[in-house]
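Step one of this worksheet: look at the structure below.
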Amino acid sequence: MSSDELRDLYQDVVIDHGKRPRNFRQLDGATCTAEGFNPLCGDQLRIYIKLADGVIEDIAFQGAGCAISQASASLMTLAVKGRKAEEALALFARVHALLTEGPSAQVTPAELGKLAVLSGVWEFPVRVKCATLAWHTLRSALQGGDGALVSTE
């Protein structure tokens, strides 16, 4: 896929997930939660996770923010649902590397599947925190920061 095609796909996916985020709801019976806030953009969200035997049985989020933060959270919930917590944390590391290091990251699009569309965010450094907010919040919730507030400052 050419870089122009990837950029177009990135824009289409961000617009779609930004307007119609998946798993955007409160999750009753969540076993861990965390809140995230990006003071630069005003993005805020709460992640709800229902863990069962170390597996993310269900995940949801609520909040308000720019299209990139909403799309990233939406894509994240789809990617980690049904995975072991350790797998979700490993995926966080790969996505974070892609978003912060760009092409120099040792991450291939094949490793990320549909999340590869987020690679376009790297070209806009001021938006990286928008895209990583949900992922940092997920990590906090999974690492026992139940109810913790994560800030991208």
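Taking a temperature of 4 °C and a viscosity of 1.567 mPa s, what whole-number D in µm²/s does Stokes-Einstein yield for the chain with Rh from Kirkwood over alpha carbon pairs? The partial results should precede the final answer.
Values: Rh = 15.1 Å.
This corresponds to a translational diffusion coefficient of 86 µm²/s.
Our analysis of segment 4-94 gives Rg over Rh at 0.99, with the two radii drawn from alpha carbon positions and Rh computed by the Kirkwood formula.
Using Cα pairs under 8 angstrom and six or more residues apart, how large is the relative contact order of segment 3-145, in percent? Mind dumping the intermediate values first?
Numbers: 250 pairs, mean separation 40.7, N = 143.
Relative contact order for segment 3-145 comes out at 28 percent.
The angle between the Cα long axis of helix 85-101 and the main principal axis of the chain comes to about 30°, on a 0 to 90 degree scale.
Compute the angle between helix 3-19 and the longest alpha-carbon principal axis of the chain, please, reported from 0 to 90 degrees and rounded to the nearest 10. Roughly 30 degrees, rounded to the nearest 10. Ordering Leu91, Gly65, Gly113 by Cα displacement along the dipole of the chain toward the positive end leaves Gly65 in first place; charges were set at the Cβ atoms of Lys, Arg (+1) and Asp, Glu (-1).
How much length is gained on full extension from Arg20 to Leu40, taking 0.36 nm per residue of separation minus their Cα-Cα distance?
Details: separation 20, 0.36 × 20 = 7.20 nm, distance 2.34 nm.
Using 0.36 nm per residue and subtracting the Cα-Cα distance, I get 4.9 nm.
On C-alpha positions alone, give me the angle between the axis of helix 128-142 and the longest principal axis of the chain, in degrees, nearest 10. Tilt of helix 128-142: around 30 degrees. About its Cα centre, the chain has a charge dipole of approximately 220 debye under the convention of +1 per Lys or Arg Cβ and -1 per Asp or Glu Cβ, with nothing else charged. Remark: spin-label model distance Ala110-Leu78 equals 2.2 nm, labels positioned 7 Å along the Cα→Cβ axis.
Throughout, read-outs are computed from the coordinates displayed, never taken from laboratory work. Here the structure is a predicted model, which means the values were calculated and not measured. Glycine gets a Cβ as well: all are built from the backbone with ideal geometry, and neighbour counts include every protein chain shown.
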